[in-house]
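Shown next, in structure tokens, is the structure this report addresses.
The values are calculated or read from the model by the stated rules, or taken from the named source; none is laboratory data. Since the structure is predicted, the reported quantities are computational estimates derived from the model, not experimental observations. Positions of Cβ are generated from backbone atoms using ideal geometry, with glycine treated the same way; all protein chains shown enter the neighbour counts. Calculation scope for accessible area: heavy atoms of the full protein, side chains included, ligands and nucleic acids excluded. Shrake-Rupley method; radii C 1.70, N 1.55, O 1.52, S 1.80 Å.
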Amino acid sequence: MLPGFTRPGIRASTPVLIRAQVRWAIRKLGFRPEAVVTLDLGGLLGGWGSGVTNVMYGTDDYVAGAALMRMSARHLRRRERQALSRADVTVAVSSDLARRWADMGARLS
């Protein structure tokens with residue numbers, strides 16, 4: 001990905017580039033994905049074809065840490081809602097994050 005991949009303007013191209021690289025690799029290897037698992041809010045869930053399970057694995061509360069990462073909490077909230085809406089399965093490492101995501105309608109496992 002490009003340097004500064006979380007900066008406004010550049011961050012719009014990050015998921016597009018990552019998806020293209022992953023599609024190229026699985027096509028070259030002749031694989032068909034069974035699941036896509038992401039640990040961030042990078043926009044990689046969904047659109048991988050029927051039968052592919054989309055898993056959002058929450059290891060951090062990115063929205064709560066937005067200021068620490070010098071990122072926009074508003075942008076991260078939007079990305080979080082998108083990721084949760086595209087996830088077939090959601091896993092969170094903390095009960096607080098799991099509770100917040102459940103309140104947002106996430107399907108927790």
At a 1.4 Å probe radius, carbon and sulfur cover how many percent of the accessible area of the chain?
57
Exposed trypsin sites (Lys or Arg not before Pro) absent - longest run of the chain, DSSP non-H/G/I/E/B, at most 14 other C-beta within 10 Å:
1-69
Roughly how many debye, to the nearest 20, is the charge dipole of the chain about its Cα centre, given +1 on each Lys and Arg Cβ, -1 on each Asp and Glu Cβ, and no other charges?
480
Any idea which of T59, L44, Q21 is furthest toward the positive side of the dipole for the chain, if Lys and Arg beta-carbons carry +1 and Asp and Glu beta-carbons -1?
Q21
Classify the stretch 37-80 from the C-alpha gyration tensor, please: rounded if a/c falls under 1.5, else prolate or oblate depending on whether a/b exceeds b/c.
prolate
Stokes-Einstein D in µm²/s, Kirkwood radius over Cα pairs - the chain at 37 °C with 0.692 mPa s viscosity
223
Calculated from DSSP H runs of 4 or more alone, at -39500 (n - 2.57) each and per residue, what is the 222 nm mean residue ellipticity of the chain, nearest 500?
-11500 deg cm²/dmol
Treating only the Cβ of Lys, Arg, Asp and Glu as charged (+1, +1, -1, -1), what charge dipole size does the stretch 5-54 show about its Cα centre? Round to the nearest 20 debye.
220
Segment R70-V93, length gained on full extension (0.36 nm per residue, minus Cα span)
6.0 nm
So if each residue of separation counts as 0.36 nm, and I subtract the Cα-Cα distance between L17 and V37, what length gain in nm does that give?
5.5 nm
Quick one: ranking W101, W24, W48 by accessible area, 1.4 Å probe, largest first, what do you get?
W24, W48, W101
